[in-house]
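Colleague: Handing you a structure now.
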Amino acid sequence: MSTPEEESVFDTYRDRVERPLYRLFSEYGVPEWKYFAGGMAANVVARAASLLPPLLLGAAIDSVFTGDSAFSLPVVPASWLPATAPDAAQFQFAAVAIVVAFFVTAVFTWLYGVAANLFAHRVMHAVRTDSFEKMQRLDMTFFDDKQTGEVMSVLNNDASNLEVFLDNALQNTARLAVMVVGIAGIMLWMNWQLAIVTLAAIPLIVVLTLWFMRTVEPRYVAQRQSIGDLNTRLENALSGVELVKTSNTESYETGRVRDASYSFFRDTMSVLKLNYLYRPGMELLAGLSFAVTFVVGGIWLFQGPPLFFSGTLSTGEFVTFILLTQRFVTPLAEVSNIVDQYENAKASSERVFGLRDIPVRIQDDADATDISPVEGRVEYDDVTFGYESDPYGDPDDDTPDPLADEDVILDGVSFDADPGETTALVGPTGAGKSTILKLLLRLYDVDGGEIRVDGHDIRDVTLESLRGAIGYVGQDTFLFDGTIAENIKYGEFDADREDVVEAAKAAEAHQFITEMPNGYDTRVGERGVKLSGGQRQRVSIARTVLQDPEILILDEATSAVDTETEFLIQRSLDRLSEDRTTFSIAHRLSTVKNADQILVVEAGEVAERGTHQELLDADGVYAALWNAQTGDRDRLKQELDIET
Ligand SMILES: Nc1ncnc2c1ncn2[C@@H]1O[C@H](COP(=O)(O)OP(=O)(O)OP(=O)(O)O)[C@@H](O)[C@H]1O
């Protein structure tokens, strides 16, 4: 299990993601370009219209109230505007134009909001579902490392960060761009000298922002990592709540969560500390720009051009300048938010694409064939396998590392099973029995040798047809929250109630189900906790009956139940395994006595193979185990003494 401190496979692939936001736009933004383009166009219109009132006001002051000059507006031809007199017409024109400008601003802001929202949420819907789909296809090795918390954090936190970015930050950036360009243009047109004074703050703002972005980025990466670690901790502690309670380790778990939460707090504060400098710095610069404009413009107005300035400044121009500088301040103060959201989104999309880039090694070959209909002949041919400690290795190097000796779990395993035969696997715990059968399902791929079903190497057939032909009843029976009927139908969603009941009867589950308050519609609770272990197992057997696979894997299926339940389960399993190639792992040898062949697995090798009688006659490990279970302990002791 990986601890939060360890370098995870996420880190490896996240570090390699290049231009993550570009990828976000090119892979997900492009298909939604209509919303984006529509939104941007509406935004330009809305912002341009919002700049009109200060301009109209300035023009009106100069022409209507002070009578300094003719009514003039940038871009608009003079012939479209009312003549110098009568003033009332000019006033009316200005008043109507201001109302229209506000109206246009409102309508286009609304249009823009709708289009931008649709763009952001459509993109995120696609990102979220794609990420989940990809996550599901990842190899078991990935999940063995218990990355659930981190994956949850990609699907939840990172997706929300991107949503905020696409929704808010993009809107604000577009607004800022239009405002800065529009305002700077108007100011330069009206009085370029005063405009330079007002706009002098911009280079300083750019420098401050670049410094902030460069410094804050690594801190954001650390913050995202620690929220992932915290989620992993929480997820682990919650899913192990029973163990925590029975081991009395609440305070230990609280301590671990406290540590993870503290790391998150520390990393968040390190981001915020920079914000404390940046945000007020931005406001100060914006405020200074306003103050300097007011002072220089004011002196100019009542004393004539100060210092090296020349030319005239009318009252209307001064008012327009002051109003526009004010307009400047609000979107500029937004820059810090935008940068914040941008940095956050960059870190988040690195994680989204980092997850996306983790290679799926167990998947269909381009020329994989459909194996069905399956007869059920299974062959293991010199199979070698080990769980790799670093399965993802060096991303640049496609060649798999040779299996280190200490990692070998299965070594030269060979056996075969004919259609309809039952093969029992017995042997000491940790010998590799479950591993042998997990390889048949291709939860992992062999490192050497071959496994064949009906003569096909299982790596050459589609995973869907392979897994569809194999039914699995495992040690830990997992049920989804839902009704009993839904759980039996899981995977065979089209089955009708009659089929479900038949399957439950075959699994000896019908009786206890009908005794439940809501029968087949009883909800089983999270992970099926409202059913007993034996009941869960029978529901899972019923599901397999319904699946009707040609090959069956039973892993310790009768563990942890009372004798009567064991008998019921055994009877249902015997029925289920008739006419199917069955592999059954059991510690109680009485249940495997009738198998067509028994494999004794020891330290990753098939130590003995034969029928019950043949193995007893051979008087080896199986005979010793059998005798031990049937009461001959002295003999076992002797056997072990010889071995050690
Ligand atoms: N996902 C995994 N990652 C790494 N090692 C594993 C993994 N699963 C099992 N192992 C190791 O592989 C070895 C064989 O385990 P396996 O579960 O196949 O044994 P088993 O014979 O089925 O044991 P049992 O009878 O206790 O179920 C063990 O040493 C175990 O620690």
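Colleague: Of the residues that make up the range 311-324, is at least one out of contact with any His (no Cβ under 6 Å at 6 or more places or on another chain), farther than 24 Å from Q171 by Cα, part of a loop (DSSP other than H, G, I, E, B) and without any contact (Cβ under 8 Å) to a residue 60 or more places away in the chain?
Modeller: Yes.
Colleague: May I pose another question? Any idea which of G449, G474 is of a type in the set (G, A, S), away from the ligand (no atom under 14 Å from the Cβ), surrounded by fewer than 20 Cβ atoms within 10 Å (Cβ to Cβ) and touching a residue at least 60 places away in the same chain (Cβ under 8 Å)?
Modeller: Exactly one residue qualifies, and that residue is G449.
Colleague: Restricting to the range 164-177, name every residue that is touching a residue at least 12 places away in the same chain (Cβ under 8 Å) and over 27 Å from the mean Cα position of the chain (by Cα).
Modeller: Those that are touching a residue at least 12 places away in the same chain (Cβ under 8 Å) and over 27 Å from the mean Cα position of the chain (by Cα): A174, R175, L176.
Colleague: Then there's this: Counting only residues that are of a type in the set (G, A, S) and assigned to a helix (DSSP H, G or I), which one in the range 178-230 is nearest to the chain's Cα centre (by Cα)?
Modeller: Checked the range 178-230; the qualifying residue nearest to the chain's Cα centre (by Cα) is G228.
Colleague: Follow-up. If a residue must be surrounded by 16 or more Cβ atoms within 10 Å (Cβ to Cβ) and closer than 12 Å to T198 by Cβ, how many such residues does the range 286-316 contain?
Modeller: The qualifying residues number 7.
Colleague: Which condition number in (1) surrounded by 20 or more Cβ atoms within 10 Å (Cβ to Cβ); (2) within 16 Å of the ligand (Cβ to nearest atom) is the one that R588 fails?
Modeller: Answer for R588: the failing condition is (1).
Colleague: Another question about this same structure. Show the residue pairs that are 6+ apart or on different chains and have beta-carbon atoms under 6 Å apart, the first residue being within the range 416-432 and closer than 25 Å to H456 by Cβ, the second being in a loop (DSSP other than H, G, I, E, B) and within 16 Å of the ligand (Cβ to nearest atom).
Modeller: A424/V592; G432/G604
Colleague: For the range 56-168, list the helices (runs of 4 or more DSSP H) that sit wholly inside it and hold at least 2 residues that are surrounded by 17 or more Cβ atoms within 10 Å (Cβ to Cβ) and either touching a Ser or Thr at 6+ places or on another chain (Cβ under 7 Å) or modelled with pLDDT of 85 or more (or both); which are they?
Modeller: The qualifying helices (runs of 4 or more DSSP H) are 87-137, 148-153, 159-164.
Colleague: Please enumerate the residues belonging to the range 294-307 that are assigned to a loop (DSSP other than H, G, I, E, B) and within 18 Å of M190 (Cα to Cα).
Modeller: G304, P305, P306
Colleague: Sticking with this one: Which of (1) in a strand (DSSP E or B); (2) away from the ligand (no atom under 13 Å from the Cβ) is the odd one out, the single condition R442 does not satisfy?
Modeller: Of the numbered conditions (1) in a strand (DSSP E or B); (2) away from the ligand (no atom under 13 Å from the Cβ), the odd one out for R442 is (1).
Colleague: Can you spot a residue in the range 507-514 that is modelled with pLDDT of 90 or more and surrounded by 14 or more Cβ atoms within 10 Å (Cβ to Cβ)?
Modeller: Yes, the range 507-514 contains at least one residue that is modelled with pLDDT of 90 or more and surrounded by 14 or more Cβ atoms within 10 Å (Cβ to Cβ).
Colleague: A follow-up question, please. Kindly provide the set of residues from the range 333-364 that are surrounded by fewer than 22 Cβ atoms within 10 Å (Cβ to Cβ), under 30 Å from G297 (Cα atoms) and of a type outside the set (D, E), ordered by number.
Modeller: Those that are surrounded by fewer than 22 Cβ atoms within 10 Å (Cβ to Cβ), under 30 Å from G297 (Cα atoms) and of a type outside the set (D, E): A333, S336.
Colleague: Same structure, new question: Which is at pLDDT below 90, farther than 24 Å from F10 by Cβ and either exposed (fewer than 14 other Cβ atoms within 10 Å of the Cβ) or away from the ligand (no atom under 14 Å from the Cβ) (or both), of P402, P428?
Modeller: Only one candidate qualifies: P402.
Colleague: Here's a follow-up. Determine whether V461 is at pLDDT 90 or above, surrounded by fewer than 21 Cβ atoms within 10 Å (Cβ to Cβ), over 19 Å from L554 (Cβ atoms) and among the hydrophobic types (A, V, I, L, M, F, W, C).
Modeller: It is false that V461 is at pLDDT 90 or above, surrounded by fewer than 21 Cβ atoms within 10 Å (Cβ to Cβ), over 19 Å from L554 (Cβ atoms) and among the hydrophobic types (A, V, I, L, M, F, W, C).
Colleague: Could you tell me which numbered condition A557 fails, if it satisfies all but one of (1) surrounded by fewer than 19 Cβ atoms within 10 Å (Cβ to Cβ); (2) modelled with pLDDT under 80; (3) touching a strand residue (DSSP E or B) at 6+ places or on another chain (Cβ under 7 Å)?
Modeller: (1)
Colleague: Going residue by residue through the range 415-425, is there one that turns out to be buried (at least 18 other Cβ atoms within 10 Å of the Cβ), more than 27 Å from H612 (Cβ to Cβ) and near the ligand (Cβ under 9 Å from one of its atoms)?
Modeller: Within the range 415-425 (the criterion being buried (at least 18 other Cβ atoms within 10 Å of the Cβ), more than 27 Å from H612 (Cβ to Cβ) and near the ligand (Cβ under 9 Å from one of its atoms)), the answer is no, since none of the residues qualifies.
Colleague: Please identify the pairs in which a residue from the range 134-162 that is within 25 Å of L21 (Cα to Cα) has its Cβ atom under 8 Å from the Cβ atom of a residue that is within 16 Å of the ligand (Cβ to nearest atom) and modelled with pLDDT under 85, counting only partners at least 6 apart or on another chain.
Modeller: Q147/S2; Q147/S8; Q147/V9; E150/S8
Colleague: Restricting the first residue to the range 272-290 and requiring it to be touching a residue at least 24 places away in the same chain (Cβ under 8 Å) and under 18 Å from I202 (Cβ atoms), which pairs with a second residue that is part of a helix (DSSP H, G or I) and hydroxyl-bearing (S, T, Y) meet a Cβ separation below 7 Å and a spacing of at least six or different chains?
Modeller: Y278/S336; R279/S336; M282/S336; S289/T198; S289/T325; F290/T325
The values are calculated or read from the model by the stated rules, or taken from the named source; none is laboratory data. Everything numeric in this text was worked out from a predicted model, so none of it was measured. Cβ sites come from the backbone with ideal geometry, for glycine too, and all protein chains shown count toward neighbours.
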